[in-house]
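Step one of this worksheet: look at the structure below.
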Amino acid sequence: MSIVEVDRLSKEYPAFRLQEVSFALEEGRIAGFIGRNGAGKTTTIKSMLNLVHPLSGEVRYFGLPLKDNEAAIKQRIGYSTGTVNYYPKKKLKDLAAVTRSFYPNWDEAAWREYMTLFSLDENKAPAELSEGMKVKCNLAVALSHRAEVLILDEPTSGLDPFSRDELLDMFLMLKERGVAILFSTHITSDLEKCADDIIYIREGAIVRASDTESFRRELGEAGETLEETMLRLERSVRHG
Amino acid sequence: MGKLLKKEMKLSASALSYIFLAFALMTLIPGYPILMGSFFIVFGIFQSVQRCRENNDVVYSALLPVAKCDVVRAKYAFAVLIEGCGFVLMTALTLLRMTVLADSPVYRTNVMMNANFVYLGFVLLVFGVFNLVFLGGFFRTAYYFGKPFIAFLVVFFVTVGIAEALHHIPGLEAVNAFGFTEMPLQLAFLAGGAAAFVLLTTFSQAASIRHFEKIDL
């Protein structure tokens with residue numbers, strides 16, 4: 001059984017429509033969620049976290065519908081929707097003190113480890129951090145409560161190449177522990193480094209959701225990198 | 001819910017929510033529309049809502065491992081907690097005016113509303129109206145609070161106007177009773193205020209939960 005199932009999610013905005021998005025995440029696998037800006041990645045992820053109210057469809061974690069089991073499911077998943085954009089003047093240690101009280105599984109040692117790894121000073125407030133450091137801060141929180149599933153919206157955007165590399169290495173380490181990871185990105189080299197599966201979304205509809213090898217084999221052309229494949233696919237739509 | 005309420009008090013609340021509880025002392029001001037004290041207490045809660053909006057607290061709270069509906073319940077619980085503290089203080093000061101200070105000339109010659117159980121009933125009504133109009137209005141968007149606050153101001157001043165005018169209407173002088181006289185009437189107003197507070201708050205919270213579930217954050 002899949003650890004996360006997104007089943008025909010639909011959402012309508014005046015100028016955008018998410019069209020029956022479906023895919024699944026498996027235990028111990030990393031899925032890269034790719035698409036252009038405005039393709040529907042963030043709307044899908046926010047729907048998966050109940051931040052956006054979908055028109056129809058369902059999200060299930062561990063076989064349980066999110067709608068009826070929100071609090072229990074959120075204990076078992078970690079998520080980051082970009083940078084820390086709340087309480088800009090509060091010190092990180094004060095924010096962490098409140099946040100950790102909600103997680104019985106909070107791993108203080110892991111939190112300290114990530115703070116050191118990401119060179120985060122807990123006496124600083126989010127307003128004093130660069131955008132990249134804010135992403136790292138959100139990730140440290142998401143990783144510190146032994147989540148079984150990680151859902152990360154563009155976790156590598158704003159990170160320097162070294163931090164990005166470290167983060168992707170960390171994904172591989174977490175995968176070994178059986179954690180399922182979904183991360184959205186528009187940086188194809190992130191996918192090449194660690195994604196087992198690729199979910200490709202365009203104009204609110206899933207074009208392809210499969211393992212990386214099948215994706216390359218069926219959509220790529222001989223000698224193409226993943227980036228070249230993606231660019232060709234997007235251009236072919238643009239130019240009809 | 002306990003953790004969320006603790007988070008509201010520790011992280012989200014403006015210090016003014018606590019400091020403005022001191023406006024309960026307005027209960028002791030002679031020749032003054034003492035219901036204004038209840039306004040300043042809810043104005044302290046308004047400051048916390050404003051602070052929450054500025055700090056993107058709704059999104060932070062919704063990302064915690066809690067049900068979305070509990071985010072709303074916690075905001076109401078915090079408001080009711082502050083209102084409850086304000087009410088306890090106002091009750092203590094009202095009892096002071098009804099006993100030790102009952103015959104004080106400054107209160108006896110007071111043309112404004114007297115501090116008695118009728119006054120406390122109106123205090124509860126004001127709190128209930130705030131929860132209905134302001135908190136309920138805020139949770140329609142979980143972002144805009146200007147219009148709900150102006151709507152509350154209008155209803156509040158009408159309520160104060162009625163409360164202050166009531167005992168000047170022939171036949172209703174007993175509403176301004178001193179000490180423990182006219183107790184059935186006084187207690188009826190207090191019970192009415194309490195019922196209004198419970199009904200308005202419960203209705204408002206249920207509506208806010210419904211609205212908040214549909215809001216895209």
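Considering the range B:52-69 alone, what residues qualify as being touching a residue at least 24 places away in the same chain (Cβ under 8 Å) and within 7 Å of another protein chain (Cβ to nearest Cβ)?
Of everything in the range B:52-69, those that are touching a residue at least 24 places away in the same chain (Cβ under 8 Å) and within 7 Å of another protein chain (Cβ to nearest Cβ) turn out to be B:Asn55, B:Asp57, B:Val59, B:Ala62, B:Leu64, B:Val66, B:Lys68.
Taking the range A:210-227 as the region of interest, how many residues are in a helix (DSSP H, G or I), in contact with a helix residue (DSSP H, G or I) (Cβ under 9 Å, 6 or more places away or on another chain) and loosely packed, with under 15 Cβ neighbours inside 10 Å?
The qualifying residues number 1.
Quick check, is A:Arg8 away from every other protein chain (no Cβ under 14 Å), modelled with pLDDT of 95 or more and touching a Gly at 6+ places or on another chain (Cβ under 8 Å)?
yes
Among the residues of the range B:44-75, write down those that are under 14 Å from the mean Cα position of the chain (by Cα) and surrounded by fewer than 20 Cβ atoms within 10 Å (Cβ to Cβ).
Of everything in the range B:44-75, just one residue is under 14 Å from the mean Cα position of the chain (by Cα) and surrounded by fewer than 20 Cβ atoms within 10 Å (Cβ to Cβ), namely B:Gln47.
How many of the residues in the range B:167-182 are in contact (Cβ under 8 Å) with a residue 24 or more places away in the chain and either in a helix (DSSP H, G or I) or under 17 Å from the mean Cα position of the chain (by Cα) (or both)?
2
Do you know which of the residues in the range A:1-41 that are without any contact (Cβ under 8 Å) to a residue 40 or more places away in the chain and not in a strand (DSSP E or B) is nearest to A:Tyr200 (Cα to Cα)?
Result: A:Gly38.
Taking the range A:42-83, which residues are more than 12 Å from chain B (Cβ to nearest Cβ) and either assigned to a loop (DSSP other than H, G, I, E, B) or more than 19 Å from the chain's Cα centre (by Cα) (or both)?
A:Ser56, A:Gly57, A:Phe62, A:Gly63, A:Leu64, A:Pro65
If I ask for residues that are among the small types (Gly, Ala, Ser) and crowded, with 20+ Cβ neighbours inside 10 Å, which ones from the range A:38-95 would you list?
A:Ala39, A:Gly40, A:Ser47, A:Gly78, A:Ser80
Name every residue in the range A:83-139 that is among the small types (Gly, Ala, Ser) and without any contact (Cβ under 8 Å) to a residue 24 or more places away in the chain, in order of residue number.
Within the range A:83-139, A:Ala97, A:Ser101, A:Ala109, A:Ser119 meet the criteria.
Rundown of residues vs (1) of a type outside the set (Gly, Ala, Ser); (2) within 14 Å of chain A (Cβ to nearest Cβ); (3) touching a Cys at 6+ places or on another chain (Cβ under 6 Å), yes/no style:
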site: B:Phe127; (1), (2), (3): yes, no, no
site: B:Phe130; (1), (2), (3): yes, no, no
site: B:Gly137; (1), (2), (3): no, no, no
site: B:Val175; (1), (2), (3): yes, no, no
site: B:His211; (1), (2), (3): yes, yes, no
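Failed condition for B:Val118, given (1) more than 17 Å from B:Ile45 (Cβ to Cβ); (2) part of a helix (DSSP H, G or I); (3) without any contact (Cβ under 8 Å) to a residue 40 or more places away in the chain, with all others met?
Only one criterion in (1) more than 17 Å from B:Ile45 (Cβ to Cβ); (2) part of a helix (DSSP H, G or I); (3) without any contact (Cβ under 8 Å) to a residue 40 or more places away in the chain is unmet by B:Val118, namely (3).
Out of everything in the range A:84-112 that is more than 10 Å from every other protein chain (Cβ to nearest Cβ) and small (Gly, Ala, Ser), what residue ends up being nearest to A:Met170 (Cα to Cα)?
It comes out as A:Ala110.
The values are calculated or read from the model by the stated rules, or taken from the named source; none is laboratory data. On a predicted model such as this, the values are computed, not experimentally measured, just so you know. Here the Cβ is made from the backbone with ideal geometry for all residues, glycine too, and neighbour counts use every protein chain on show.
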